[in-house]
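Colleague: Got a structure for you, questions after.
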């Protein structure tokens, strides 16, 4: 891949892409220009794209950088190249982030956040059970403590779990599940676990959706996990001053890190050292049955 100094063109997998305003600062405090951003995406694409393949994509675009106006984009623009894969779901024509040329084309449009659905375009079954831990205060130790409590509950239920930073202030917990379940079924399981956690640690966590009613408690969000809804993809950048990245981490790191540690500057080297810590989510052998828990909940009624 090469960028010509005059035309600012990039050839990616046989597609020639024009790169506009390559020196535009997108994350000014972090010193990230559009060209540096594209270099980051090229580096992480082999790790990121397997997690976004065939999922409904919503991007957040910041045409003039993170401190200017932004907007959500679900519909693929009419002016998009014909080679970009897409899928129409509930009257919206979504881009499918399946390849590097699509990633670079959208990034040139100043897509700075990449959010994907919990299911693929061809199948509305959830591929994981997901909890989003959303703090009400800047104190990340509250998030870490709550995450460990949740992991202990999941371990007791024999549910393997994987954790990543949100790229903002929280953590997101993923449990790979076998195919065949509906979102209604996963909702029953996640609601049971979330309510159990709030009953066990009432001063620490809450399922209260209204921010004004949460106080300083951490919000354990199980409702976001639903058809058509999204969370940031692994290795998605976020529109934060430090150019933070939603990054998979090991469970033994949770108590010693902060989400702001993982940025466009640091994640590529981390991937060289540790690889993709979410790779297990792509392996069908790691998927777990929810049948025992669903049977328990059915008998509990």
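Colleague: Exactly one of these conditions fails for residue 154: (1) in a helix (DSSP H, G or I); (2) surrounded by fewer than 20 Cβ atoms within 10 Å (Cβ to Cβ); (3) under 17 Å from the mean Cα position of the chain (by Cα). Give me its number.
Modeller: With respect to (1) in a helix (DSSP H, G or I); (2) surrounded by fewer than 20 Cβ atoms within 10 Å (Cβ to Cβ); (3) under 17 Å from the mean Cα position of the chain (by Cα), residue 154 is out only on (3).
So that you can scan it fast, the table gives a plain yes or no per residue for (1) assigned to a strand (DSSP E or B); (2) touching a helix residue (DSSP H, G or I) at 6+ places or on another chain (Cβ under 6 Å); (3) more than 13 Å from residue 108 (Cα to Cα); (4) at pLDDT below 95:
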| position | (1), (2), (3), (4) |
| --- | --- |
| 36 | no, no, no, no |
| 42 | no, no, no, no |
| 48 | no, no, yes, no |
| 51 | no, no, yes, no |
| 56 | yes, no, yes, no |
| 60 | yes, no, no, no |
| 63 | no, no, no, no |
| 69 | no, no, yes, no |
| 78 | no, no, yes, no |
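Colleague: Show the residue pairs meeting these rules: Cβ distance below 7 Å; 6+ apart or different chains; first residue within the stretch 13-34 and at positive phi; second residue in a helix (DSSP H, G or I).
Modeller: Pairs found: 13/100; 13/101; 21/34.
Colleague: Which residue pairs have Cβ atoms under 6 Å apart, sit 6 or more places apart or on different chains, and have a first residue in the stretch 86-97 that is buried (at least 20 other Cβ atoms within 10 Å of the Cβ) and a second that is not in a strand (DSSP E or B)?
Modeller: 95/76; 95/84; 96/54; 96/85; 97/52
Colleague: Looking for something in contact with a helix residue (DSSP H, G or I) (Cβ under 8 Å, 6 or more places away or on another chain) and either assigned by TED's automatic domain parsing to the domain that holds residue 208 or part of a helix (DSSP H, G or I) (or both) - is there at least one such residue anywhere in the stretch 92-101?
Modeller: Yes; the residues of the stretch 92-101 include at least one that is in contact with a helix residue (DSSP H, G or I) (Cβ under 8 Å, 6 or more places away or on another chain) and either assigned by TED's automatic domain parsing to the domain that holds residue 208 or part of a helix (DSSP H, G or I) (or both).
Colleague: Still on this structure, I have one more. Suppose the filter is surrounded by fewer than 18 Cβ atoms within 10 Å (Cβ to Cβ) and either part of a strand (DSSP E or B) or in contact with a strand residue (DSSP E or B) (Cβ under 9 Å, 6 or more places away or on another chain) (or both); does residue 105 pass it?
Modeller: The answer is no for residue 105.
Residue-wise test of (1) in a loop (DSSP other than H, G, I, E, B); (2) without any contact (Cβ under 8 Å) to a residue 40 or more places away in the chain; (3) on the phi < 0 side of the Ramachandran plot; (4) crowded, with 17+ Cβ neighbours inside 10 Å.
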position	(1), (2), (3), (4)
231	no, no, yes, yes
234	yes, no, yes, yes
241	yes, no, yes, no
252	no, yes, yes, no
255	no, no, yes, no
265	yes, no, yes, no
273	no, yes, yes, no
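Condition check ((1) assigned by TED's automatic domain parsing to the domain that holds residue 182; (2) under 30 Å from residue 197 (Cβ atoms)) across all residues:
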residue	(1), (2)
58	no, yes
73	no, no
84	no, no
87	no, no
103	no, no
111	no, no
114	no, yes
138	yes, yes
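The values are calculated or read from the model by the stated rules, or taken from the named source; none is laboratory data. Just so it is clear, the structure is predicted and the values come from calculations on it, not from any experiment. Note that each Cβ is placed from the backbone with ideal geometry, even for glycine, and that neighbours are counted across all protein chains shown.
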